[in-house]
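> Could you have a look at this structure, given as structure tokens, before my questions?
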Amino acid sequence: MTVLVDVILIRAHVLKDTYTGISTLTGAVAGPLLLGIHYGWAGRPSLMVRDGQHLVSARTLTGVRTLNLDGLVSVRRFETIQRTGGYVDEFHLYDRQGVRLTVTNELAINAALRRAVPSPDARPGHNGLAPVQVTRHARTALGMAPRSRLPRAMHRFWGLWMTVATMAVPALLSYVTACVLAGTDVLGRPGH
């Protein structure tokens, strides 16, 4: 939508032919925002037991999400470097009902996940259910084997580049789309 607004303003000569900043900025903001909505980036999670089911609940960008730990399908871990020098360390969880939730790797969550994820020695589908898919990186944080073969710094470095990509790729796509629709050269030369 904002790409079209940018194009209309360029075609109406309100903006210079080479100005596609609105589209680029929108793409840079939309990428992380949509990713956060998809993964369910959450605030402070709370653990609870209701009707014999172990649940984790947290407020996300789209409202409160409650994930059933007894029905986990996958557990992934994401680490990256923060702008302030600290680190982001979180789990991306997905259950059988299709609920996605991202929670920080803290002691209470870590312990709850260790209880919810069967050991790799357990028979696949021991409850008649498919086994929980847990990445090696997540297993490392949970103290389970097999562990990740990569050093932690590599996971953080990869996370940094994935974070940059979530902003750069949508920004670039928005910029190119605005240039093509406005009849402007992608390199900023008007009238090509």
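> Check off (1) in contact with a helix residue (DSSP H, G or I) (Cβ under 8 Å, 6 or more places away or on another chain); (2) more than 26 Å from Met154 (Cβ to Cβ); (3) without any contact (Cβ under 8 Å) to a residue 40 or more places away in the chain for Asn110 and give me the number that stays unchecked.
Here Asn110 meets the rest and fails (2).
> Being surrounded by fewer than 18 Cβ atoms within 10 Å (Cβ to Cβ) and modelled with pLDDT under 90 is the filter here, so list the residues in region 30-60 that pass it.
Ala30, Pro32, Leu33, Leu34, Leu35, Gly36, Ile37, His38, Gly43, Arg44
> Anything in region 70-103 that is touching a strand residue (DSSP E or B) at 6+ places or on another chain (Cβ under 7 Å), open to solvent by less than 50 Å² (accessible area, probe 1.4 Å) and not in a strand (DSSP E or B)? List them, or say none.
If the condition is that a residue be touching a strand residue (DSSP E or B) at 6+ places or on another chain (Cβ under 7 Å), open to solvent by less than 50 Å² (accessible area, probe 1.4 Å) and not in a strand (DSSP E or B), then Gly71, Val99 are the ones that fit.
> Condition first: in contact (Cβ under 8 Å) with a residue 60 or more places away in the chain and of a type in the set (A, V, I, L, M, F, W, C). Now tell me which residues in region 66-80 satisfy that. Step through it out loud before you land on a result.
Of the residues in region 66-80, the ones in contact (Cβ under 8 Å) with a residue 60 or more places away in the chain are 72-80.
Result: Leu72, Val73, Val75, Phe78.
The values are calculated or read from the model by the stated rules, or taken from the named source; none is laboratory data. In this text the structure is predicted, and so the values were computed from the model without any measurement. Glycine also receives a Cβ, built like all others from the backbone with ideal geometry; neighbour counts cover every protein chain displayed. Accessible surface areas use protein heavy atoms only, side chains included; no ligands, DNA or RNA. Shrake-Rupley method; radii C 1.70, N 1.55, O 1.52, S 1.80 Å.
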